[in-house]
1. Here are SER156, SER198: which of them is more than 25 Å from the chain's Cα centre (by Cα) and part of a strand (DSSP E or B)?
2. Does GLY124 satisfy being within 30 Å of ILE160 (Cβ to Cβ), of a type outside the set (A, V, I, L, M, F, W, C) and under 16 Å from the mean Cα position of the chain (by Cα)?
3. In the range 199-227, which residues are among the hydroxyl-bearing types (Ser, Thr, Tyr) and over 19 Å from PHE178 (Cα atoms)?
4. Being surrounded by fewer than 15 Cβ atoms within 10 Å (Cβ to Cβ) and under 15 Å from TYR216 (Cα atoms) is the filter; apply it to the range 189-202 and report the residue that is modelled with the highest pLDDT.
5. Any chance you could count how many residues in the range 136-150 are out of contact with any Gly (no Cβ under 7 Å at 6 or more places or on another chain) and surrounded by 15 or more Cβ atoms within 10 Å (Cβ to Cβ)?
6. From the list LEU238, LEU215, which one is more than 29 Å from the chain's Cα centre (by Cα) and open to solvent by 40 Å² or more (accessible area, probe 1.4 Å)?
7. Restricted to the range 161-173, and to residues that are exposed (fewer than 15 other Cβ atoms within 10 Å of the Cβ) and either part of a strand (DSSP E or B) or under 25 Å from the mean Cα position of the chain (by Cα) (or both), which residue is modelled with the highest pLDDT?
Amino acid sequence: MAAPALLSAPPPPPPMDEDASAGAHNAFPGPAPPPSPEGAPPPPRRRRPAVRVTSEFDSDARLFSHRLSCRVMDGLAKLRVRVHHGVGGAGAAAVEPPPPEVALLARNFSVAVDTVARSAMLRGAADLAGSLRLSAKHDTKEQKGEVAVRANLGDSPCKIELSSVVPPDGLPRTTFIFPNGEVSVKQKYLDEGDRILSVNGIVRSHVLNGVCTALYSDNEMNIKYRYKDEELSFIPSLSLPSNSLSFAFKRQFTPSDKLSYRYQFDTNYWSAIYKHKASKHVKWKAGYESDQRLGWASLWVGDAGGKTKEVPMKAKVQLTLKVPQDNVKNSAIMFNVKKRWDF
């Protein structure tokens, strides 16, 4: 008789139904599948920033100038590139074209890079606590800069500004700003190496239905009075200590016609300009300058004082005829063309 088995095999587990199997899978869920693209809006398309190109040619300087600009960083800054190149030939200007410049301009920060000198000018500003405003600039090649702090004086409209070069060299410059002008005090080096305090300033005031302006700089003062109404402007000017006296006279005959005249008493030099505005975008001028013994006339197509984007075809043209009094055969016609393209 065989001995009974002490250990018997356990019975097989019951089969797992479909519901239990699904519960086991849901206990440890995996990554959710991506949502169906059906019915979902398409992703927004990134708009290409608008590019503006402005080209200008000056026949007198024989110089082409091109400026390209566009908004970057979602409109927070502007990228600007300037390129100049001259045109050879007889009578070409001897002045070399300015070097190319690449600049990034923002509200409180800007970088201007000189590609030829391999230098950059950094400028920045920030509002500090209260009414303080900090501004600074730095030249990476010269390793020099300037730092300035401006603050309001209480509730008054007056302000004070302290500025100093970096690295510092002497006392900082102090400027008091008030509604009618400003006065600044700074250290100045004489030829002998001594340091003195130099005072510069400008003050304006209303006198006899006009505005009187006094400008003081480097021990010289210029006092100018300006009277102007709808038809007449009269501007005498006196420089001290040279006692140089001059005056300017302007007469508005009609809304389209204006005459300007200026006379210098110590040199007897004078000049006269007559302006006629045919329309908003067409204007011509004619004048004479006694110091150069030169007569000239010019025609403007496009608002001379406005922006290029506001004129027809976004273009400006200026034609100028210069006639020397002593040699009429050397008369010359010059022109300036400025055009803007938006892409």
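The values are calculated or read from the model by the stated rules, or taken from the named source; none is laboratory data. Being a predicted model, the structure only gives us computed values, none of them experimental. Every residue, glycine as well, gets a Cβ built from its backbone with ideal geometry; the counts of neighbours run over all protein chains shown. SASA here: full protein model, heavy atoms, side chains in, ligands and nucleic acids out. Shrake-Rupley method; radii C 1.70, N 1.55, O 1.52, S 1.80 Å.
1. Values: SER156 fails: part of a strand (DSSP E or B).
Only one candidate qualifies: SER198.
2. Details: within 30 Å of ILE160 (Cβ to Cβ): yes; of a type outside the set (A, V, I, L, M, F, W, C): yes; under 16 Å from the mean Cα position of the chain (by Cα): yes.
Judged against the criteria, GLY124 is a match.
3. To start, the set of residues in the range 199-227 that are among the hydroxyl-bearing types (Ser, Thr, Tyr) comprises 205, 213, 216-217, 225, 227.
Listed by number, the residues that qualify are TYR225, TYR227.
4. Applying the first criterion (surrounded by fewer than 15 Cβ atoms within 10 Å (Cβ to Cβ)) to the range 189-202 yields 189-197, 199.
Now drop any that are not under 15 Å from TYR216 (Cα atoms), which leaves 197, 199.
Values: LEU197: 87, VAL199: 91.
Checked the range 189-202; the qualifying residue modelled with the highest pLDDT is VAL199.
5. Initial filter on the range 136-150 (out of contact with any Gly (no Cβ under 7 Å at 6 or more places or on another chain)): 140-150.
Subsequent filtering for residues that are surrounded by 15 or more Cβ atoms within 10 Å (Cβ to Cβ) retains 140, 145-150.
Going through the range 136-150 one residue at a time, the tally reaches 7.
6. Working: LEU215 fails: more than 29 Å from the chain's Cα centre (by Cα).
That would be LEU238, the only listed residue that is more than 29 Å from the chain's Cα centre (by Cα) and open to solvent by 40 Å² or more (accessible area, probe 1.4 Å).
7. Initial filter on the range 161-173 (exposed (fewer than 15 other Cβ atoms within 10 Å of the Cβ)): 162, 165-171.
Next, only the ones that are either part of a strand (DSSP E or B) or under 25 Å from the mean Cα position of the chain (by Cα) (or both) stay: 162, 165-166.
Working: LEU162: 94, VAL165: 91, VAL166: 90.
Here the answer is LEU162.
Rundown of residues vs (1) of a type outside the set (Gly, Ala, Ser); (2) in contact with a strand residue (DSSP E or B) (Cβ under 8 Å, 6 or more places away or on another chain); (3) within 30 Å of ASP74 (Cβ to Cβ); (4) assigned by the TED database to the domain that holds VAL72, yes/no style:
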position	(1), (2), (3), (4)
LEU105	yes, yes, yes, yes
ASN108	yes, yes, yes, yes
LEU153	yes, yes, no, no
LEU162	yes, yes, no, no
PRO179	yes, no, no, no
